[in-house]
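The block underneath contains the structure these notes are about, expressed in structure tokens.
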Amino acid sequence: MAGAGTAGPVSAVTDHADVVLPAEGPEREIARDLARRAAWVSPAFLILGAVLDGVNGAVSAGVALVLVAGNFLLGAAIIGRAVSISLNALYGAVLLGYVVRLGLLAVIALAFKSTGWFVAVPFAVTLLVTHLGLLAAETRRVSMTLAHPGLAPSAGKVDDTPSTDPTSPQE
Amino acid sequence: MLNVLAQTGPGEMLEGLKAIGAGLGYGLAAIGPGIGIGTVVGNAISAMARQPESAGMARTTMFLGIAFTEALALIGFVVFILLMP
């Protein structure tokens, strides 16, 4: 077989099975942050739902918010669990998890629809706007953190040490 | 089959076709994001296998990429919910 055993770019790749990463990773922190932000914006969407269709609209918007936050948290939990097994397991778990999460979303929404509390427009608007808006805000925060690690927000801790980031302005 | 169709009213037929269209739309809308998520995760796994020390950054980008790609499936889901009788 041509190329077998030769030193090339392909043979330099580490065997995926050798790489095991810790379960507690950045995706869980991101998902928790997204859920926290979803809680912050929830009053606005509940009021919007109430304005559009009264109590039923507010309940529909609330269920959509819970679904969005739950979807993020479940996705992060699946990735964290799978990555601690192996990278091959990660691939399977993410794709299977995608199908399972979409199925769960459909089952929960259809079950909720049959209760009589369901109003489609507030539910749909909240689901899409929250998902995309939260992700856009989180991406902005993450990209700022990656570009300037010294600016990364820390919970209740002020870092007085000078930044070692070469891109930060020097006095 | 034709007997069954002949017994249905015009409204029932339309509702049935709407349900079929909604289900088909949701299924078709899930194909593209599935391919996209596979690409995102595959490349992230390659990055983590090549450079395990930068796995944190790869995992962060991978998670956000998956979530953004999933938004397309959510649009299909919303259409499904709106079309379902």
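The values are calculated or read from the model by the stated rules, or taken from the named source; none is laboratory data. Just so you know, these numbers come straight off a predicted model, no measurement behind them. Here Cβ is always computed from backbone atoms with ideal geometry, including for glycine, and neighbour counts include all displayed protein chains. These accessible areas exclude ligands, DNA and RNA; they are computed on the full protein's heavy atoms, side chains included. Shrake-Rupley method; radii C 1.70, N 1.55, O 1.52, S 1.80 Å.
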inquiry  = Scan the range B:44-60 and tell me whether some residue there is within 14 Å of A:L95 (Cα to Cα), more than 7 Å from chain A (Cβ to nearest Cβ), without any contact (Cβ under 8 Å) to a residue 40 or more places away in the chain and touching a Leu at 6+ places or on another chain (Cβ under 8 Å).
reply    = no
remark   = Within the range B:50-65, residues assigned to a helix (DSSP H, G or I) and over 28 Å from the mean Cα position of the chain (by Cα) come out as B:R50, B:P52, B:E53, B:S54
message = Please go through the range A:102-149 and give me each residue that is open to solvent by less than 50 Å² (accessible area, probe 1.4 Å), more than 8 Å from chain B (Cβ to nearest Cβ) and closer than 19 Å to A:G62 by Cα, ordered by number.
response = A:F112, A:F118, A:V119, A:P122, A:T126, A:T130, A:G133, A:L134
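Within the range A:75-97, how many residues turn out to be under 30 Å from A:W117 (Cβ atoms) and open to solvent by 30 Å² or more (accessible area, probe 1.4 Å)? Lay out the reasoning, then the answer.
Pass one, the range A:75-97, residues under 30 Å from A:W117 (Cβ atoms): A:75-78, A:97.
With open to solvent by 30 Å² or more (accessible area, probe 1.4 Å) added as a condition, the list becomes A:77-78.
Number of matching residues: 2.
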query = All but one of (1) surrounded by fewer than 18 Cβ atoms within 10 Å (Cβ to Cβ); (2) farther than 25 Å from A:F112 by Cα; (3) facing chain A (nearest Cβ under 8 Å) hold for B:I37; which doesn't?
reply = (1)
request  = Being of a type in the set (V, I, T), open to solvent by less than 20 Å² (accessible area, probe 1.4 Å) and within 17 Å of B:L74 (Cα to Cα) is the filter here, so list the residues in the range A:29-74 that pass it.
outcome  = A:V68
inquiry  = Name the single residue that is farthest from the other protein chains (Cβ to nearest Cβ) among those in the range B:12-34 being under 30 Å from A:S84 (Cα atoms) and open to solvent by less than 80 Å² (accessible area, probe 1.4 Å).
reply    = B:G32
message = Among the residues that make up the range B:2-11, is at least one of them part of a helix (DSSP H, G or I) and crowded, with 20+ Cβ neighbours inside 10 Å?
response = no
